[in-house]
Amino acid sequence: MKNDKAIVVFSGGQDSTTCLFWALKNFKEVEAVTFDYNQRHRLEIEVAKEIATELGVKHHILDMSLLNQLAPNALTRDDIEVSAGEDGELPNTFVPGRNLLFLSFAGVLASQVGAKHIITGVCETDFSGYPDCRDIFVKSLNVTLNLSMDETFVIHTPLMWINKAETWKLADELGALDFVRERTLTCYNGIIADGCGECPACKLRKAGLDQYLDSLKEGVE
């Protein structure tokens, strides 16, 4: 894969930044794409810009504001409080069609820049119930993209079958643990690094980090 070109779907968060480091290790040429859908925290786009610049990665920002218009929820409206799903319902941070659109447009971009590989940080292990983070969805869309554009794209999901602790481990193995911990934005309340500690994203991130750091201590003892 080292001789090929890849596009990383990039939000500036823990998962996509880990995937960006993974792509830089595995592909000769890497570009990143961030989608501007008037998300709750505009800082997300600025963080993505800064990380891409620091890592020397060409960065595309695509206007997806129509998604904000069509899918009002806690990630697209600052007057909707973030809440977890109850009684089997999806959390109100689920944006219908988001990954479908993101990966589709990433495919269009890939075809324009000559990339055959698309990397996304979706994960079925810690996927919060989002249906568009499932492996079956990604595989299905991969086939659809290839048929729709007569291409041979491969969508890579390095985090699909690992939990948050293992995601931190991967970042560490890539030499990026401190970078990911200190520079990324995962928090639903828009606080960089360790975040607010209270929202669902921060709790998941912290639990995984604590579990990984504890495993390192156990390995030393």
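The values are calculated or read from the model by the stated rules, or taken from the named source; none is laboratory data. It should be emphasised that the depicted structure is a prediction, and the values quoted were computed from it without experimental measurement. Note: ideal-geometry Cβ built from the backbone for every residue, glycine included; neighbour counts use all protein chains shown. The protein model used for the area step is the full one, side chains on, heavy atoms only, and it has no ligands, DNA or RNA in it. Shrake-Rupley method; radii C 1.70, N 1.55, O 1.52, S 1.80 Å.
So between LYS203 and GLN69, what do we pick up on full extension, going 0.36 nm a residue minus the alpha carbon distance?
45.4 nm
Can you order the peptides 99-111, 199-211 by their average number of other Cβ atoms within 10 Å per residue, highest first?
Details: 99-111: 19.5, 199-211: 17.6.
Per-residue Cβ counts within 10 Å, averaged per peptide and sorted highest first, yield 99-111, 199-211.
Using the Karplus curve 6.51 cos²θ - 1.76 cosθ + 1.60 with θ = phi - 60°, what ³J(HN,Hα) values do you get for each residue of the stretch 23-37, in whole Hz, with x for Gly and Pro?
These are the phi-based 3J(HN,Hα) values: 5, 4, 6, 9, 10, 5, 10, 10, 10, 10, 10, 10, 10, 9, 10 Hz.
Under the Karplus relation 6.51 cos²θ - 1.76 cosθ + 1.60, θ = phi - 60°, what is the ordered set of whole-Hz ³J(HN,Hα) values for the stretch 150-158, x standing for Gly and Pro?
Working through the residues one at a time gives 6, 10, 10, 5, 10, 8, 9, 10, x Hz.
Which ³J(HN,Hα) values in Hz, rounded to whole numbers, follow from the phi angles of the stretch 95-109 under the Karplus curve 6.51 cos²θ - 1.76 cosθ + 1.60, where θ = phi - 60° and Gly and Pro get x?
For the stretch 95-109, the Karplus curve yields 9, x, x, 4, 5, 4, 5, 4, 6, 5, 6, 4, x, 4, 4 Hz.
At 0.36 nm per residue, minus the direct Cα-Cα distance, what do ASN189 and THR152 gain on full extension? Give it in nm, one decimal, please.
Gain on stretching ASN189 to THR152: 9.5 nm.
Place the peptides 5-12, 143-150 in order of packing, highest mean first, counting for every residue the other Cβ atoms within 10 Å and averaging per peptide.
5-12, 143-150
Among the lysines, select those whose C-alpha is under 23 Å from the C-alpha of LYS203, and discard any that sit fewer than 8 residues away in the same chain.
LYS164, LYS169, LYS217
Between ILE136 and GLU54, what FRET efficiency comes out of the Förster formula 1/(1 + (r/R0)^6) with R0 = 41 Å and r the beta carbon distance, rounded to 0.05?
According to the calculation, E is roughly 0.70.
Identify the residues of the stretch 173-198 with backbone N under 20 Å of a label point that sits 7 angstrom from the Cα of ASP210 along the Cα-to-Cβ direction, or state none.
178, 181-182, 186-189, 191-198, by backbone N distance to the label point.
Probe radius 1.4 Å, ligands and nucleic acids ignored: give me the carbon and sulfur share of the accessible area of the stretch 146-204 as a rounded percent. Don't skip to the end; give the middle numbers.
Working: 1410 of 2920 Å².
That fraction is 48 percent.
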